[in-house]
Amino acid sequence: MAQIEKANSLGEWLDQRLKTRALMKVLLTEYWIPKKINFLWSFGMVLVTLFVVLIVTGIFLLMYYKPDAGLAFFSVNYTIMQEVAYGWVFRHMHAVAASLIFLFIYIHMFTGIYYGSFKSGREVIWITGMLLFVLFSAAGFSGYMLPWGQMSYWAATVITGLFEKIPLIGPDLVFWIRGDYIVGDATLTRFFMLHVFLFPLAIILIVAIHFFALRTPHVNNEDGEEIDFEAEAVKYIVSDKKKSKVMPFWPKFMAEDIFVMSVVFTIFFFLVFFGYSFAMDPINFLPADYTATPSHIYPEWYFLWSYEVLRGIHFSSSLGLIAFTIANAIFFLLPWLDRDKRVRPMHERPLVKIWFWSLVAVMIGLTIFGKLPADGGFAWTVHIGLLLSILFLVLTLVVLPLASYMERKKEEL
Ligand code: HEM
């Protein structure tokens, strides 16, 4: 083997052995991003950072948490919150990051829908994104169970109980998921394993595919313009940086991302220190009681819209379950439900733009009504819940295919 020259720096030493400079070029300094994007394109990296916060704080919590139905509540609410130095900071950070990550997932997802970044070669980016949504939902649900408070316990009972309605296998499936006839110690330990091991591992794998899938069709831009990335990259490197339509991921794109992240983290730490209750339900500060059902059981805010679809179809629980399944699966099919395959932003699609904002309004409405109890003074809200649920289904299953088809046909004439 040829003799390696003496390295003058650690960077050079590594490069001689691992080709790190070539790797950095491919991943960062010569990974090209369109210039015509706005701050909404930063939320992908915001999500990555918040996920890292979840992992790091989770590792510290893991040192004191006890996955045992008799000990879990006190290990969280006494040991971590009161005995361990700064244990409360790590718990607050973990819970606030988990809640905010959903806000940013929704923003990221609806940015993709608004700019049409989910079709014409971008289907794998979209589907892996949706898989991440499902995995984060599962991670959020399993994590919510771990403090073993009243809401942890009863939300787990309601959600695992949903599977009972599945024909033939329902009751056996529920027993298999819970590991017992009721939610108990066996359920807690398996959800603990899923939360700290299997879901994070799956998320890391799918994020890698999500990033890799972005490489071929490239990142979209505000106008949905087809860019010749190779030609524009050459222009950037050899002739005119200013006239090129692209910029490198590092340092140009990341500079904007870091600015957005600093705003996000200011809000994040404000919530961690002064607004923690936004990520926590007061009922969950009571230990799980198998014998006392809370009067009003509801999930975390990010599940409320789909929970309201389930509850809204109040005249038949089986139909409610079907509607709930559709609500959770329908976004996977978006690249095919939109009958116009051209990548264009909503402001260039007058008809579909109405659909987009109606969908946002209906989902916000479902979220608000999902939090209200469906009895007492609020009994009337069941009718609005039903109306909004039907609107959601009609918008996604009927209006989008129809409006996008009509728009395409009109423009073809
Ligand atoms: C929570 C985990 C996620 C992470 C870490 C993540 C990360 C990223 C990153 C870094 C980008 C490139 C820059 C950007 O456009 O922001 C991106 C693009 C994209 N993501 Fe995600 N994402 C996640 C979830 C999702 C979800 C839930 C969806 C929707 C179903 C989604 C759909 C997309 C799409 C369509 C693009 C392409 C945007 C474009 O080409 O302009 N992602 N993602």
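Read-outs throughout are calculated quantities, based only on the coordinates presented, and are distinct from any laboratory measurement. Note that the coordinates shown come from a computational prediction; the quantities given were computed from them, not determined experimentally. Counting neighbours? That spans all protein chains shown, and the Cβs are built from the backbone with ideal geometry, glycine included.
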Shape of the range 76-218 from its Cα gyration tensor (a ≥ b ≥ c, root eigenvalues): rounded if a/c is under 1.5, otherwise prolate when a/b > b/c, or oblate? oblate
Give K241/K409; K36/K235; K119/K252; K36/K353; K36/K341; K165/K353 a once-over and call out the pairs whose C-alpha atoms are over 28 Å from each other. K241/K409; K165/K353
How large is ³J(HN,Hα), in whole Hz, for each residue of the range 257-268 in order, when computed from phi with the Karplus curve 6.51 cos²θ - 1.76 cosθ + 1.60 and θ = phi - 60°, using x for Gly and Pro? 4, 5, 5, 4, 4, 5, 5, 4, 6, 5, 5, 4
What nm value, rounded to one decimal, do you get for the distance between M24 and F378 when each label is placed 7 Å out toward the C-beta? 5.5
Sites matching chymotrypsin sites (Phe, Trp or Tyr not before Pro) across the range 137-189 that sit in DSSP coil, with at most 10 neighbouring C-beta atoms within 10 Å: Y181
The distance between the Cα centres of the range 386-413 and the range 122-144, in whole Å, is 25
Cβ-Cβ FRET estimate between F270 and E412, R0 fixed at 60 Å, reported to 0.05: 0.75
So for the range 10-297, considering every pair of alpha-carbon atoms, how many percent are separated by more than 23 Å? 63
Just to verify a number: FRET efficiency for Y86 and L168, C-beta to C-beta distance, R0 = 60 Å, to 0.05? 0.75
Asserting the computed 222 nm helical MRE of the chain (DSSP H runs at least 4 long, -39500 (n - 2.57) per run, divided by residue count, to nearest 500) equals -18500 deg cm²/dmol
Can you tell me how much longer the chain between S295 and T79 gets when fully stretched, taken as 0.36 nm per residue apart minus their C-alpha distance, in nm with one decimal? 74.9 nm
By the Cα gyration tensor axes a ≥ b ≥ c (a/c under 1.5 gives rounded; else a/b larger than b/c gives prolate, otherwise oblate), the shape of the range 304-413 is prolate
Cβ under 15 Å from D180's Cβ, D180 left aside: what net charge do those residues give with Lys, Arg +1 and Asp, Glu -1? -2
Separation between Cα centres of the range 45-115 and the range 249-304, rounded to whole Å: 8
In a GNM of the chain with a 10 Å cut-off on Cα contacts, which of V362, V238, V56 has the highest mean-square fluctuation? V238
